[in-house]
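Input: a single structure, listed below in structure tokens.
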Amino acid sequence: MITREALRQRPRRLRRTEAIRRMVSETGLSRDKFILPIFVADNVEEPEPVSSMPGHFHWPPEQVAQEAEAAASLGIPAVLIFGMPGAKDDVGSEAYNPTGVVQRAVEAIKRSVPDLLVITDVCLCQYTSHGHCGIVGEQGEVLNDATLELLSRTALSHAQAGADIVAPSDMMDGRVGAIRRALDEAGFEHTPIMAYSAKYASAFYGPFREAAGSAPKFGDRRGYQLDPANRRAALREVGLDIAEGADIVMVKPALAYLDVICEVRRATNLPVAAYNVSGEYLMVKAAAEKGLLDERLAVMEILTAIRRAGADIIITYHAKDAARWLSE
Ligand code: PBG
């Protein structure tokens, strides 16, 4: 028999009312910490629903400011722009075209919502005919050093279009340093780099690749993205990106990598971002559509868990819904 005496500690005392639960809550969730990803496409006249990402659209650059305004009016401080070009080639020329789809979208958003932070994804995979994140050599290998020049040109063209932050997601070695140099030389020494530092070769990017038409035509990305089995490798990547000048480091995906977020948080005092990716979004959406999961509760729990693990910033396709729920 447990005696009253033995139960001197009763943790449930602090869980009995909403007020006391609020008071002892360890992790806050705020829309200030959300980044909303937005897809812009060259070949659409009207916003077209993305079939693999319910609630998301392919926006023509001329109309994307609408979506940016919607995010801003919900109190979301930043958007992350992904581009779908009208044409692809071996070297991803549209990625660094000064009048490319992302560059035009950035200009349009900055013109209509100047205070909203516009972050651009810097990568070649949506722009290359083969779908890899860099230039491909004769043996089918992704060439690291030759790719750096193109990534730097891409990042610089985004900054010139008005991007507030650039976010390289390609996982080539040395790209943060190369981009930092290119930005500095052109007078963009105040433009921060949010590096996709610990980006894993993940099945959870599936719906995004469907949406962005960026699946590799041959092979996979395991030659440059991290092995899901590795945690120390993530810390090495984070260390290198910081040494090369990263201002914010990112872990991606988020849910299956909460331990990595936690370790990265311990390893640096820089802001840590986590990317709650397309597959993580779709799992919740698909289950909720079948009536098998309470979407709102599930999303809030997931976002809280990502913050609890140590992320300061969360990139999430749920950003608009979550911001709405938080303001209710
Ligand atoms: C481009 C890129 C990808 C994502 C963000 N940037 C896809 C990939 O690496 O294949 C994934 C985003 C998501 O799944 O939500 N390199």
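Taken together, the values in this text are just the output of simple stated rules run on the coordinates, not laboratory data. Note that the structure is a prediction, hence the values are computed from the model and not measured. In this analysis, Cβ positions are derived from the backbone assuming ideal geometry, glycine residues included, and neighbour counts consider all displayed protein chains.
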Across the stretch 153-163, what is the number of residues that are assigned to a helix (DSSP H, G or I) and within 16 Å of the ligand (Cβ to nearest atom)? 3
Would you be able to tell me the number of residues in the stretch 266-283 that are buried (at least 18 other Cβ atoms within 10 Å of the Cβ) and in a helix (DSSP H, G or I)? 5
Within the stretch 47-63, can one find any residue that is of a type in the set (Ser, Thr, Tyr) and more than 20 Å from the chain's Cα centre (by Cα)? no
How do the pairs read when you match residues in the stretch 277-302 that are under 20 Å from residue 206 (Cβ atoms) and more than 16 Å from the ligand (Cβ to nearest atom) with residues anywhere that are part of a loop (DSSP other than H, G, I, E, B) and not hydrophobic (A, V, I, L, M, F, W, C), using Cβ under 8 Å and keeping only pairs 6 or more apart or on different chains? 288/294; 289/54
Subset of the stretch 247-265 [part of a loop (DSSP other than H, G, I, E, B) and within 16 Å of the ligand (Cβ to nearest atom)]: 253, 254
Please work out which residue is nearest to residue 127 (Cα to Cα), limiting yourself to the stretch 219-241 and to residues that are part of a loop (DSSP other than H, G, I, E, B), away from the ligand (no atom under 14 Å from the Cβ) and not polar (S, T, N, Q). 227
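In the stretch 175-185, what count of residues is obtained for those that are exposed (fewer than 15 other Cβ atoms within 10 Å of the Cβ) and within 17 Å of residue 247 (Cβ to Cβ)?
Going through the stretch 175-185 one residue at a time, the tally reaches 2.
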Working only within the stretch 260-273, note down all residues that are touching a residue at least 40 places away in the same chain (Cβ under 8 Å) and either farther than 17 Å from residue 36 by Cα or touching a Phe, Trp or Tyr at 6+ places or on another chain (Cβ under 8 Å) (or both). 260, 261, 262, 264, 265, 266, 271
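Of the residues 176, 166, which is β-branched (Val, Ile, Thr) and outside any strand (DSSP E or B)?
Result of the check over 176, 166: 176.
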With within 19 Å of residue 324 (Cβ to Cβ) and of a type in the set (Gly, Ala, Ser) as the only criterion, which of 28, 83 stands out? 28
Residues of the stretch 91-133 being without any contact (Cβ under 8 Å) to a residue 60 or more places away in the chain and touching a His at 6+ places or on another chain (Cβ under 7 Å), which ones? 103, 106, 120, 122
So residue 136 fits all but one of (1) touching a His at 6+ places or on another chain (Cβ under 6 Å); (2) over 17 Å from residue 221 (Cα atoms); what number is the exception? (2)
Answer yes or no as to whether residue 199 is in contact with a His (Cβ under 7 Å, 6 or more places away or on another chain) and more than 19 Å from residue 106 (Cα to Cα). no
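For residues that are in a helix (DSSP H, G or I) and more than 9 Å from the ligand (Cβ to nearest atom), scanning just the stretch 192-218, find the one that is surrounded by the fewest Cβ atoms within 10 Å (Cβ to Cβ). So that I can check it myself, show each step before the final result.
To start, the set of residues in the stretch 192-218 that are in a helix (DSSP H, G or I) comprises 203-212.
Now drop any that are not more than 9 Å from the ligand (Cβ to nearest atom), which leaves 203, 210.
Details: 203: 10, 210: 16.
For the stretch 192-218, the residue satisfying everything is 203.
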Which members of the stretch 93-111 meet the condition of being in contact with a strand residue (DSSP E or B) (Cβ under 7 Å, 6 or more places away or on another chain) and more than 20 Å from residue 44 (Cα to Cα)? 110
